[in-house]
Amino acid sequence: MNTSILIVDDEQEIRDSLSEVLTDEGFLTYTAENGAVALEMMKDIHYDIIISDIKMPELDGVTLLQKVKEQAPDTFVILVTSYGSTETAVNAMRLGAIDYILKPIDFDELILRIKNIDLHKELIREVRFLRQEISAKYNYEHIIGESVAMKKMYRLIDKVAPSTSTVLVAGRSGTGKELVARAIHARSERAHRPFVAINCGAIPETLFESELFGYKKGAFTGASKDKDGVFKAAAGGTLFLDEVGEIPLQVQVKLLRVIEMREIKPLGSNTIIPVNVRLIAATNRDLAKEVERGTFREDLYYRLNIIEIYLPALSERKDDIPLLVTHFVNKYNNELKRRIIGVDNDAMKSLVNYNWKGEVRELENIVERAVLLSDGDMISMEDLPERTVGSSGSGYPDNLKEASRSFERKHIVHTLEKCENDKAKVADILGIGLSSLYRKIDDLGIDSEGE
């Protein structure tokens, strides 16, 4: 994105010459005849750098500097002064000016200083986000799993990460979709730039636009200052929209435009801002069905679903459960200052056979609880919640007829959950007629609406 520069000087000749030189260098330039006009212009446009004369009518450069630091602290100010006013310029730098330059202006020197400021600003942005993520190298070490399903997912991540294509991560709540998004970001060329995550399910409907696109001061009641949205915060990096299916229809239209045009317009502003962001969305819903219901736009669905990565549920990768349990035991040994060696066989069988409706998140919570409460050096059945006890062994009665009935019931329940209670689809998968499925549901006492 080109650096935007506002030139503030009461002499038109200086404004015009500076504007021409800086425009030729590829900067976006604007001009104002004094500080008061500059402040008005700042209501509509955010400037990266302001070059201001010190002595001007109505509102001088030092006062302008103070106002800029209050209203747009990320904007850098260069003050222009004559030889006799260098003391004033030095004092202004103490107030927050990034630099000062003497009249008559040496254009080559000014351009060099602007480029140094650009580099300085870039380093500040990188350091800020590197510090946020220094404690966690989101690659694959935070995604635990060696099952066939997980290895297939890793291969897909390796293929899509270097691209700029939009990715849709699908999977049940609690499976770790944000970890997948972070792994894609960490393996991309944008890894050194920001990764910004936002949970669309946690945003009130009235605040969606301002959270995504930002707003200008005075755009609505309570907007006391400018605020950047997540698209601008993620500039050059990756934006992760979790639970994208929760976005209201009227906002979906605007999101689609942003994806297609690669530009945003903050609330209360007439200025179009170009954005360079790699988008990763996630959902626990079947967006294709949401399109059929009319709750999700078809055109947006196809824009988001360029590449889909499916994160398998624990029921599809039971072989990974012992690995996850070991990982969480080690994690909470460190966090809770415990010395648990591991999990005994009965407890591990119980964890492997349990129906994890809350997925990896629920498993982690149960292991944390067990590490905290265990009196021995091994987690046993006594340390697990009552709901998981009894899941060890095969999980079926000894009597063959009862075991067959139990297996049939569990298998139908699992298939109903996997197909989100689409009974026609379940009957097709099971290889039975729809009427037979309904009889079995009734006979086995299955709550087909959400067991």
Whole-number percent relative contact order across the range 4-130, with pairs defined as alpha carbons under 8 Å at least 6 apart: 20
As a percent rounded to 5, the proportion of antiparallel DSSP bridges among beta bridges in the range 148-312 is 15
Rounded to the nearest 500, what is the chain's calculated 222 nm mean residue ellipticity when only DSSP H runs of at least 4 contribute -39500 (n - 2.57) each, over all residues? -14000 deg cm²/dmol
Using Cβ counts within 10 Å as a stand-in for footprinting exposure, how do Leu28, Leu168 rank, fewest first? Leu28, Leu168
Given the C-alpha centroids of the range 330-352 and the range 201-219, what is the distance between them in whole angstrom? 43
The chain: angle of helix 434-443 to the longest principal axis, Cα-based, in degrees nearest 10: 70
Roughly how tilted is helix 177-186, in degrees to the nearest 10 and between 0 and 90, from the longest Cα axis of the chain? 50
Viscosity 0.692 mPa s, temperature 37 °C: give me the Stokes-Einstein translational D for the range 236-358 in µm²/s, with Rh taken as the Kirkwood radius over C-alpha pairs. 179
Report, to two decimal places, the Cα Rg of the range 315-388 normalised by 2.2 N^0.38 Å (N = number of residues). 0.98
Among beta bridges assigned by DSSP with both residues in the chain, the antiparallel ones amount in percent, to the nearest 5, to 5
Residue-span extension gain [Ser380 to Leu434] - 0.36 nm each, minus C-alpha spacing: 15.1 nm
Base-10 log of normalised Debye intensity for the chain (one unit scatterer per alpha-carbon) at q = 0.07, 0.09 Å⁻¹: -0.53, -0.76
With contacts defined as alpha carbon pairs under 8 Å and 6 or more residues apart, what's the relative contact order of the range 139-229 in percent? 21
For the range 148-312, what is the relative contact order in percent, using Cα pairs closer than 8 Å and at least 6 residues apart in sequence? 35
By the Kirkwood definition, with r running over pairs of different Cα atoms, the range 1-112 has a hydrodynamic radius in Å of 13.7
Take the alpha-carbon centre of the range 254-273, take the same for the range 31-92, and report the distance between them in whole Å. 28
Per-bin percent of Cα-Cα distances, the range 148-312 [5 Å]: 2, 9, 18, 21, 21, 15, 9, 4, 1, 1, 0
List the aspartates and glutamates whose Cα sits under 12 Å from the Cα of Lys318, skipping any in the same chain fewer than 8 residues away. Glu146, Glu359
Rank these for me by crowding, Thr23, Thr31, going from fewest to most other beta carbons within 10 Å. Thr23, Thr31
Enter the angle in degrees (range 0 to 90, nearest 10) between the Cα long axis of helix 61-71 and the first principal axis of the Cα atoms of the chain, meaning the one along which they spread out most. 10
By a straight-distance test (C-alpha under 27 Å), which lysines pair with Lys69 as possible cross-link partners, with residues fewer than eight away in the same chain excluded? Lys43, Lys55, Lys103, Lys115, Lys121, Lys216, Lys217, Lys225, Lys227, Lys232, Lys265
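Every read-out reported here was derived from the displayed coordinates using simple, explicitly stated rules and does not represent laboratory data. Predicted model only: the values in this text are computed from it and were never measured. Note that each Cβ is placed from the backbone with ideal geometry, even for glycine, and that neighbours are counted across all protein chains shown.
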